[in-house]
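Below is one structure, written out as structure tokens; the observations come after it.
The values are calculated or read from the model by the stated rules, or taken from the named source; none is laboratory data. What you are looking at is a predicted structure, and each value in this text was computed from that prediction instead of being measured. When we count neighbours, we look across all protein chains shown, and the Cβ atoms used for this are built from the backbone with ideal geometry, even at glycine. Just the protein is used for accessible areas: all its heavy atoms, side chains included, with ligands, DNA and RNA removed. Shrake-Rupley method; radii C 1.70, N 1.55, O 1.52, S 1.80 Å.
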Amino acid sequence: MAHLKLHIPGPVEVSERTFRAFCTPMIGHRSQSFKDLYAKVQPQLQTLLGTKQLVYLSTSSAWGVMEGAIRNLVQKKVLNCMCGAFSDKWFDVSKRCGKEAEALQVPWGSPIRAEAVDAKLATGQFDALTLIHNETSTGVMSPLAEIAALKPKYPDVMFIVDTVSSMTAVPLAFDALGIDVMLAGTQKAFALPPGMAVFVCSPAALARAAKAKDRGYYFDFIEFQKNAEQNMTPSTPSIAHVFALSAKLDEFFAEGLDNRYARHRRTNQMTRDWAAKHGFTLFPEPGFESFTLTCINNGAKPGGRVVDVPKLQKLARERGFLIDGGYGKIKGTTFRISNMGDETEASMGALFAALDEAIQQL
């Protein structure tokens with residue numbers, strides 16, 4: 001089967017160099033060699049995430065840590081901020097974990113705003129909130145700094161933030177934000193294979209978790225902390241992922257984090273420009289568009305061009321590229337193009353040349 005270059009919002013394209021690191025021969029997960037590997041990536045991750053806290057590695061998808069955060073930190077009631085398929089799902093997860101939960105729902109395509117969060121938290125009902133920084137289903141990036149600025153006003157509320165499709169592509173300074181949990185999966189902007197999550201917790205989150213009697217084991221934040229202090233993980237890790245992560249972090253710092261962030265902005269702007277050139281509008285509310293993927297309006301909202309998305313995908317596949325046909329209730333009435341990970345102006349240019357040909361055949 002011929003390889004299709006991935007421009008879906010995840011998993012994203014993985015480089016040959018990363019695959020070579022992923023195939024490094026195995027070592028014992030309780031060996032000094034593994035401890036040395038973890039000790040090598042730890043300060044790099046701390047710099048990347050702007051934190052002095054230990055950064056944890058979980059052999060799971062991000063959803064494991066997302067559910068774990070609910071189990072570790074919600075004792076009273078959680079406010080689930082909902083603006084798309086994945087943030088909406090977090091509300092369902094909260095209820096399935098047996099927690100009292102309330103939805104702060106905004107229309108798909110709109111961001112979560114601090115004023116709405118403030119109004120909810122002012123009721124005093126909540127001891128935690130969940131927020132997805134970059135809602136992958138809609139291409140909306142909510143203003144994290146604006147929302148995090150509420151934390152001093154509500155110090156007893158745990159601010160749990162999914163940065164799955166923004167971590168490594170935009171600046172995220174955990175300590176300066178003052179939030180309590182920040183997490184991501186490796187299959188998106190990290191440009192690693194799926195199967196590992198990276199996360200960090202505040203001292204307040206660890207103190208709250210220590211009091212939770214039903215936090216389970218696999219995603220027990222206290223176990224993660226105890227093991228990270230010894231450069232280990234609570235359970236058998238995907239060692240291959242850690243080797244690949246180590247190689248990837250070296251790439252990040254060789255490029256320079258600011259250069260990496262700027263590259264994502266440039267390649268994202270190329271995508272927006274391509275959409276505008278062909279008469280499309282964007283699905284997100286103006287000013288809140290993602291920098292890692294572009295959700296293009298195709299009839300979900302008034303205005304702009306409408307095309308046969310499955311046919312566009314087929315024509316793109318024939319040219320060696322895979323784009324996304326929209327997600328959830330806006331499947332087909334939007335489509336999505338990713339620029340996250342290792343993409344450059346040259347690689348995005350090759351995609352757009354192929355899509356230009358495809359558009360001409362619609």
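Taking segment 137-146 as the range and being touching a residue at least 60 places away in the same chain (Cβ under 8 Å) and open to solvent by 10 Å² or more (accessible area, probe 1.4 Å) as the test, the residues that pass are MET141, PRO143. The number of residues in segment 325-340 that are assigned to a strand (DSSP E or B) and out of contact with any Pro (no Cβ under 7 Å at 6 or more places or on another chain) comes to 4.
Just name the residue that is farthest from SER347 (Cα to Cα) out of those in segment 312-333 that are in contact with a Lys or Arg (Cβ under 9 Å, 6 or more places away or on another chain) and β-branched (Val, Ile, Thr). Only one residue tops the list, namely THR333.
Looking only at segment 189-214, residues that are touching a residue at least 60 places away in the same chain (Cβ under 8 Å), open to solvent by 50 Å² or more (accessible area, probe 1.4 Å) and assigned to a loop (DSSP other than H, G, I, E, B) come to 2 in all. Among the criteria (1) aromatic (Phe, Trp, Tyr); (2) touching a residue at least 24 places away in the same chain (Cβ under 8 Å); (3) part of a loop (DSSP other than H, G, I, E, B), the one TYR217 does not fulfil is (2).
Considering segment 53-77, the residues that are among the β-branched types (Val, Ile, Thr) and closer than 23 Å to SER166 by Cα include one that is most open to solvent (accessible area, probe 1.4 Å), namely THR59.
When we screen ALA300, ALA244, ALA354, ALA262 for residues that are more than 23 Å from the chain's Cα centre (by Cα), in a helix (DSSP H, G or I) and hydrophobic (A, V, I, L, M, F, W, C), the only hit is ALA354.
Can you confirm whether segment 104-126 contains a residue that is within 24 Å of TYR217 (Cα to Cα), modelled with pLDDT of 95 or more and either surrounded by 18 or more Cβ atoms within 10 Å (Cβ to Cβ) or small (Gly, Ala, Ser) (or both)? No, that holds for no residue. ILE112 satisfies every condition listed in (1) farther than 23 Å from TYR261 by Cβ; (2) without any contact (Cβ under 8 Å) to a residue 40 or more places away in the chain; (3) not in a helix (DSSP H, G or I) except (1).
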